[in-house]
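Participant: Pasting a structure below so you can have a look.
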Amino acid sequence: MRDILGYAGKTVVVSGAATGMGAAAARVLIDLGAEVHALDVAPIDAPVKQAIAVDLRDAASIDAAVARLPARVHVHFNCAGLPGPPWTALDTTLVNFVGLRHLTESVLPRIPQGGAVASITSVAGMGWQKNLDAVKGLCGTPGFAAGKAWLEANADKNNGYLFSKQCIVWYTKARAVELVARKIRMNCLSPAPTDTPMLPAFHEQAGQEFLEKHFLAPIGRNATPEEMAEPLVLLGSDAARFVSGVNLFVDYGYVASTEIGARPSLLG
Ligand SMILES: NC(=O)c1ccc[n+]([C@@H]2O[C@H](COP(=O)([O-])OP(=O)(O)OC[C@H]3O[C@@H](n4cnc5c(N)ncnc54)[C@H](O)[C@@H]3O)[C@@H](O)[C@H]2O)c1
């Protein structure tokens with residue numbers, strides 16, 4: 001049988017592998033024969049090659065974690081994230097974007113030609129085109145310290161979750177274009193509401209009824225973590241070798257329903 005995903009014997013990194021989609025991705029990748037190096041602030045149960053503690057709010061912690069990774073990483077997956085409250089907007093955007101970017105840029109020199117990066121953003125990042133000044137403001141900062149300083153100086157532009165997810169979309173597209181020269185692909189995935197430990201925080205913030213009315217996938221249920229992990233794994237795989245710069249909505253037709261006007265678009 002031909003292995004079109006091509007993970008057997010590959011070295012991969014998964015951030016946010018303790019729970020939810022990251023944990024599901026780590027397990028799928030192990031099943032596919034990859035050597036998984038997992039990063040999280042929380043304990044990791046999946047039977048990975050190496051579990052490394054990291055706090056994505058802290059550049060020194062990220063640097064220490066990266067120092068423990070192998071010299072060659074074929075595919076890097078960003079799954080870690082915070083939902084916003086009870087965390088501050090600063091912490092949320094540090095983890096979801098500034099830390100994600102620092103980790104990714106630190107791993108990129110170890111990724112060979114043909115490798116890939118795939119990050120989880122969110123349907124909540126949909127409005128990035130309407131917020132370009134702020135998005136380009138943070139994305140234009142040269143690194144972790146400058147990103148953090150920008151957030152501290154522009155607290156009015158950082159609403160936490162939505163802004164951080166918009167920045168992931170921009171960063172993915174901008175870097176995908178630059179990384180063509182190195183033949184490295186970069187993509188992101190926008191999940192619809194998914195049953196993970198994060199979901200209750202969204203219900204708490206926006207109200208479960210409101211969220212389900214406006215954002216539940218048209219199929220009428222939340223996704224499972226595996227229903228996000230598997231398309232994410234696909235984006236990093238050889239089967240997606242001509243796919244780069246894409247923000248893949250995994251929403252069972254949610255965005256399509258807003259695009260054809262069957263449902264109001266509250267974010268786009
Ligand atoms: N669940 C949903 O409905 C939903 C919808 C859209 C997007 N997302 C996104 O999916 C991704 C995965 O989230 P999930 O739903 O699996 O939730 P989750 O809470 O199960 O997973 C998030 C992981 O990030 C880790 N993390 C949190 N803070 C960290 C830090 N400071 N340093 C390192 N790791 C840290 C957590 O420990 C956890 O393992 C996130 O980026 C999230 O924003 C989730």
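Read the figures in this text as sums done on the coordinates, not as results from a lab. Please read all numbers here as calculations on a predicted model, not as lab measurements. FYI the Cβ positions are ideal-geometry reconstructions off the backbone, even for glycines, and counts take in every protein chain you see.
Participant: Keeping to the range 9-27, report how many residues are in a loop (DSSP other than H, G, I, E, B), out of contact with any Phe, Trp or Tyr (no Cβ under 9 Å at 6 or more places or on another chain) and either among the acidic types (Asp, Glu) or within 9 Å of the ligand (Cβ to nearest atom) (or both). Break it down stepwise before answering.
Facilitator: If we filter the range 9-27 for residues that are in a loop (DSSP other than H, G, I, E, B), which is where we start, we get 9-10, 16-19.
Then drop every residue that is not out of contact with any Phe, Trp or Tyr (no Cβ under 9 Å at 6 or more places or on another chain), which leaves 9-10, 18-19.
Then drop every residue that is not either among the acidic types (Asp, Glu) or within 9 Å of the ligand (Cβ to nearest atom) (or both), which leaves 18-19.
Of the residues in that region, 2 qualify.
Participant: To continue, here is another question. Enumerate the pairs (first residue in the range 121-135 and over 18 Å from Asp156 (Cα atoms); second residue anywhere and of a type in the set (Phe, Trp, Tyr) and in a helix (DSSP H, G or I)) with beta-carbon separation below 8 Å, excluding pairs fewer than 6 apart on the same chain, so at least 6 apart or on different chains.
Facilitator: So the pair list comes out as Ser122/Tyr161; Val123/Phe215; Val123/Tyr254; Ala124/Tyr161.
Participant: Please determine whether any residue of the range 136-152 is of a type in the set (S, T, N, Q) and more than 22 Å from His102 (Cβ to Cβ).
Facilitator: Our first condition is that a residue be of a type in the set (S, T, N, Q); within the range 136-152, this holds for 141.
Filter once more, keeping what is more than 22 Å from His102 (Cβ to Cβ): none.
No, the range 136-152 has no match at all.
Participant: Shifting gears a bit: Need at least 1 residues that are within 14 Å of the ligand (Cβ to nearest atom) and touching a Leu at 6+ places or on another chain (Cβ under 7 Å) per element, so show me which helices (runs of 4 or more DSSP H) inside the range 108-183 make the cut, counting only ones lying wholly within it.
Facilitator: Numbers: elements: 132-139, 144-153, 161-179.
Hits in the range 108-183: 144-153, 161-179.
Participant: Working only within the range 198-232, note down all residues that are away from the ligand (no atom under 14 Å from the Cβ) and either part of a loop (DSSP other than H, G, I, E, B) or touching a residue at least 60 places away in the same chain (Cβ under 8 Å) (or both).
Facilitator: The answer is Gly207, Pro218, Ile219, Gly220.
Participant: Another question about this same structure. Consider only pairs whose beta carbons are under 6 Å apart and that are at least six residues apart or on different chains; among these, list those whose first residue lies in the range 62-79 and is in contact (Cβ under 8 Å) with a residue 60 or more places away in the chain and whose second residue is charged (D, E, K, R).
Facilitator: Filtered contacts from the range 62-79: Arg72/Arg110; Val73/Arg110; His74/Lys10.
Participant: Do we have any residue at all in the range 40-47 that's in contact with a helix residue (DSSP H, G or I) (Cβ under 6 Å, 6 or more places away or on another chain) and either aromatic (Phe, Trp, Tyr) or in contact (Cβ under 8 Å) with a residue 60 or more places away in the chain (or both)? Walk me through it before giving the result.
Facilitator: The first filter runs over the range 40-47 and keeps only residues in contact with a helix residue (DSSP H, G or I) (Cβ under 6 Å, 6 or more places away or on another chain), leaving 46.
Restricting the remaining residues to those that are either aromatic (Phe, Trp, Tyr) or in contact (Cβ under 8 Å) with a residue 60 or more places away in the chain (or both) gives none.
No: zero hits.
Participant: Next question. Being assigned to a helix (DSSP H, G or I) and more than 13 Å from the ligand (Cβ to nearest atom) is the filter here; which residues of the range 28-59 pass it?
Facilitator: Filtering the range 28-59 for residues assigned to a helix (DSSP H, G or I) gives 28-31, 59.
Hits for the range 28-59 are Val28, Leu29, Ile30, Asp31.
Participant: Give the residues of the range 172-181 that are closer than 16 Å to Gly99 by Cβ and either free of Cβ contacts under 8 Å to residues at least 12 places away in the same chain or surrounded by fewer than 23 Cβ atoms within 10 Å (Cβ to Cβ) (or both), sorted by residue number.
Facilitator: Arg175
Participant: Go through the range 60-89 and report how many residues are under 12 Å from the mean Cα position of the chain (by Cα) and within 13 Å of the ligand (Cβ to nearest atom). Walk me through how you get there before you give the answer.
Facilitator: So in the range 60-89, the residues under 12 Å from the mean Cα position of the chain (by Cα) come out as 76-82.
Restricting the remaining residues to those that are within 13 Å of the ligand (Cβ to nearest atom) gives 77-82.
Counting residues in the range 60-89 that are under 12 Å from the mean Cα position of the chain (by Cα) and within 13 Å of the ligand (Cβ to nearest atom) gives 6.
Participant: What's the number of the only condition in (1) more than 30 Å from Tyr7 (Cα to Cα); (2) within 11 Å of the ligand (Cβ to nearest atom); (3) among the hydroxyl-bearing types (Ser, Thr, Tyr) that Ser265 fails to meet?
Facilitator: (2)
Participant: Among Thr121, Thr141, Thr92, Thr104, which is farther than 30 Å from Ala239 by Cβ, surrounded by 14 or more Cβ atoms within 10 Å (Cβ to Cβ), among the hydroxyl-bearing types (Ser, Thr, Tyr) and under 18 Å from the mean Cα position of the chain (by Cα)?
Facilitator: Numbers: Thr121 fails: farther than 30 Å from Ala239 by Cβ; Thr141 fails: under 18 Å from the mean Cα position of the chain (by Cα); Thr104 fails: farther than 30 Å from Ala239 by Cβ.
Among Thr121, Thr141, Thr92, Thr104, only Thr92 is farther than 30 Å from Ala239 by Cβ, surrounded by 14 or more Cβ atoms within 10 Å (Cβ to Cβ), among the hydroxyl-bearing types (Ser, Thr, Tyr) and under 18 Å from the mean Cα position of the chain (by Cα).
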